Amino acid sequence: MHPIIQVRDLGKEYRVVNGNSSVREAIAKLWKPGRNGNGHGNAQTEILWALRDVSFEVQPGEVVGLVGRNGAGKSTLLKILSRVIKPSTGEVDIYGRVGSLLEIGTGFHPDLTGRENIYLNGAIIGMKREEIKRKFDEIVAFAEVERFLDTPVRYYSSGMYLRLAFAVAGHFEPEILMLDEVLAVGDAAFQRKCLDKMKQISSEGRTVFFVSHNLSSIQELCTRALLIEAGRLIEDGSTYDVSVKYLKMVSAPET
């Protein structure tokens, strides 16, 4: 069987000023006029690798969990796979349509209503207008926002944002679905609903990439997991083995 995703020697670098951990501050400092008048002053830049030498393959229909500490590079990897950003090194080959839910509210316009944003967000992720119209009632029912459908989404809570965003992404029918921390917001009932929807998607033979700090959800949904640490892939195996290694890693005393 031919892999649906092939990642070879993937790397992503950022230039940081004087070791500053804030990208925003680094950019501001980089362009602050200096004594030499060239806009850079005497600032020293260094290379920060968000990802380095990452290689793996995913087969069609696999449900892969991605775990790691905050800042390990998980979201960067998903953004590259979703073609939101370009890698600095390496290659990614993807054979199929990709649907992504990377951040709450991405692709939503705050001044538009929930109804209007369903069409906007659906179009952004690649749904045809007829496809959105056909699935509109299902999306609204899943998101549980019927009462607020004609309200601008700027008045939505983060939970309502998530429900609507996941409902649109979940009813899209790509070959590959990328989900980043979709269970971080929302009550237990909606988290259960999300997991059941992802199980349905995987049962249809579609590939799912799922980032979460919730190891029980990873173990319930996925058959395989990747562990990212400091931008490198350090474990690729069963969800149990990866979970054990991750827990040992985060519980180890700092040296």
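Observations, loosely collected:
- Close pairs (7 angstrom Cβ cut-off, 6 or more residues apart or separate chains): over 18 Å from Ile201 (Cβ atoms) in segment 140-167, acidic (Asp, Glu) anywhere: Val140/Glu146; Pro152/Asp111; Arg154/Asp111
- Those residues of segment 145-170 which are within 17 Å of the chain's Cα centre (by Cα) and buried (at least 16 other Cβ atoms within 10 Å of the Cβ), in sequence order: Tyr161, Leu162, Arg163, Leu164, Ala165, Phe166, Ala167, Val168, Ala169, Gly170
- Of everything in segment 87-106 that is among the hydroxyl-bearing types (Ser, Thr, Tyr) and within 30 Å of Ser158 (Cβ to Cβ), the residue that is modelled with the highest pLDDT is Ser100.
- Boolean, Val185 is part of a loop (DSSP other than H, G, I, E, B), on the phi < 0 side of the Ramachandran plot and either at pLDDT 85 or above or under 21 Å from the mean Cα position of the chain (by Cα) (or both): yes
- Given (1) out of contact with any strand residue (DSSP E or B) (no Cβ under 6 Å at 6 or more places or on another chain); (2) farther than 18 Å from Leu77 by Cβ, number of the condition Ser202 does not satisfy: (1)
- Any pair with Cβ under 8 angstrom, 6 or more apart, that starts in segment 57-70 at a residue that is farther than 15 Å from Ala230 by Cβ and ends at one that is part of a loop (DSSP other than H, G, I, E, B) and of a type in the set (D, E, K, R): Pro60/Glu175; Gly61/Arg206
- Evaluating Thr255 against the criteria (1) part of a helix (DSSP H, G or I); (2) modelled with pLDDT under 85 leaves one unmet condition, (1).
- Any hit, segment 201-212, residues being part of a helix (DSSP H, G or I) and under 30 Å from Pro110 (Cα atoms): yes
- Residues satisfying the stated conditions in segment 200-230, i.e. over 12 Å from Val67 (Cα atoms), of a type outside the set (A, V, I, L, M) and surrounded by 14 or more Cβ atoms within 10 Å (Cβ to Cβ): Ser202, Arg206, Thr207
- Search result, residues across segment 89-123 that are surrounded by fewer than 16 Cβ atoms within 10 Å (Cβ to Cβ) and farther than 21 Å from Val145 by Cβ: Thr89, Glu91, Asp93, Tyr95, Gly96, Arg97
- For segment 130-144, the count of residues that are within 24 Å of Val211 (Cβ to Cβ), surrounded by fewer than 16 Cβ atoms within 10 Å (Cβ to Cβ) and either at pLDDT 95 or above or of a type in the set (D, E, K, R) (or both) is zero.
- In segment 111-129, the residues that are in contact (Cβ under 8 Å) with a residue 12 or more places away in the chain form Cβ pairs under 6 Å with partners that are among the small types (Gly, Ala, Ser) and part of a loop (DSSP other than H, G, I, E, B), at six or more places apart or across chains, as follows: Asn121/Gly107; Ile124/Gly107.
- Test result for Gly126, at pLDDT below 95 and either on the phi > 0 side of the Ramachandran plot or surrounded by fewer than 16 Cβ atoms within 10 Å (Cβ to Cβ) (or both): yes
The values are calculated or read from the model by the stated rules, or taken from the named source; none is laboratory data. What you are looking at is a predicted structure, and each value in this text was computed from that prediction instead of being measured. Neighbour counts are summed over all protein chains in view; Cβ atoms, including those assigned to glycine, are modelled from backbone coordinates with ideal geometry.
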